[in-house]
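Novice: Quick one: the structure is below, and I'll ask about it shortly.
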Amino acid sequence: MLNIGKLCLDTDFNFRIIREEDNDIDLFIDINYRSLDIDTNEDSFFNSRIQFPYVRSLILRINKESNIMTVHLMRDIDLFSAFANFEINYDNCIINIKNDFEKVRMFKS
């Protein structure tokens with residue numbers, strides 16, 4: 001379990017800090033071109049999940065004083081290869097990024 005500011009992160013993957021300034025930190029998580037399934041069971045807008053195929057890596061942009069992080073989905077190792085991003089409110093929960101054989105599951109617990 002990793003704690004950064006108010007974020008609790010549980011992941012099966014290696015990560016590294018690629019930028020840190022004042023209260024902002026960027027984590028790079030290599031998921032090796034797997035599909036990313038984002039479990040949305042608690043959300044009334046989506047029925048069950050959102051899937052992004054063929055994701056090289058994730059960049060988590062975290063503000064240590066906030067409960068909101070931005071997740072960038074990367075197509076390649078180049079930092080300008082993001083093809084999607086979204087924000088997650090992680091107040092009072094754990095963000096899980098788990099290896100599930102051929103895919104990766106991202107969910108709150």
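The values are calculated or read from the model by the stated rules, or taken from the named source; none is laboratory data. What you are looking at is a predicted structure, and each value in this text was computed from that prediction instead of being measured. Reconstructed Cβ throughout: ideal geometry from the backbone, glycine too, with neighbour counts over all protein chains shown. In case anyone asks, the SASA skips ligands and DNA or RNA and just uses the protein heavy atoms, side chains included. Shrake-Rupley method; radii C 1.70, N 1.55, O 1.52, S 1.80 Å.
Novice: Against the definition (modelled with pLDDT of 90 or more and over 15 Å from M106 (Cα atoms)), how does D91 come out, yes or no? Steps first, answer last, please.
Specialist: On the way: modelled with pLDDT of 90 or more: yes; over 15 Å from M106 (Cα atoms): yes.
Yes.
Novice: Please work out which one of (1) open to solvent by less than 80 Å² (accessible area, probe 1.4 Å); (2) assigned to a strand (DSSP E or B) is the condition S66 fails and give its number.
Specialist: Condition (2) is where S66 drops out.
Novice: Kindly check whether there is at least one residue in the stretch 37-56 that is open to solvent by 60 Å² or more (accessible area, probe 1.4 Å), within 13 Å of the chain's Cα centre (by Cα) and not polar (S, T, N, Q).
Specialist: No, every residue in the stretch 37-56 fails to be open to solvent by 60 Å² or more (accessible area, probe 1.4 Å), within 13 Å of the chain's Cα centre (by Cα) and not polar (S, T, N, Q).
Novice: Can you name the residue in the stretch 83-109 that is of a type in the set (A, V, I, L, M, F, W, C) and closer than 17 Å to N32 by Cβ and, of all such residues, is surrounded by the most Cβ atoms within 10 Å (Cβ to Cβ)? Give the derivation first.
Specialist: To start, the set of residues in the stretch 83-109 that are of a type in the set (A, V, I, L, M, F, W, C) comprises 83-84, 86, 88, 93-95, 97, 101, 104, 106-107.
Remaining after also requiring closer than 17 Å to N32 by Cβ: 83, 97, 101, 104, 106.
Numbers: F83: 13, I97: 20, F101: 6, V104: 23, M106: 21.
Selected residue: V104.
Novice: Which of the following residues is aromatic (F, W, Y) and either touching a Ser or Thr at 6+ places or on another chain (Cβ under 6 Å) or modelled with pLDDT of 95 or more (or both): F101, F13, F80?
Specialist: Details: F101 fails: either touching a Ser or Thr at 6+ places or on another chain (Cβ under 6 Å) or modelled with pLDDT of 95 or more (or both); F80 fails: either touching a Ser or Thr at 6+ places or on another chain (Cβ under 6 Å) or modelled with pLDDT of 95 or more (or both).
That would be F13, the only listed residue that is aromatic (F, W, Y) and either touching a Ser or Thr at 6+ places or on another chain (Cβ under 6 Å) or modelled with pLDDT of 95 or more (or both).
Novice: Now for a different question. Confirm whether R61 is in a strand (DSSP E or B) and open to solvent by 50 Å² or more (accessible area, probe 1.4 Å).
Specialist: On the way: in a strand (DSSP E or B): yes; open to solvent by 50 Å² or more (accessible area, probe 1.4 Å): yes.
Criteria met by R61.
Novice: Let me ask something else. Within the group N85, N96, which residue is of a type in the set (S, T, N, Q), assigned to a strand (DSSP E or B) and within 16 Å of N3 (Cα to Cα)? Write out each step before concluding.
Specialist: Numbers: N85 fails: within 16 Å of N3 (Cα to Cα).
The unique qualifying residue is N96.
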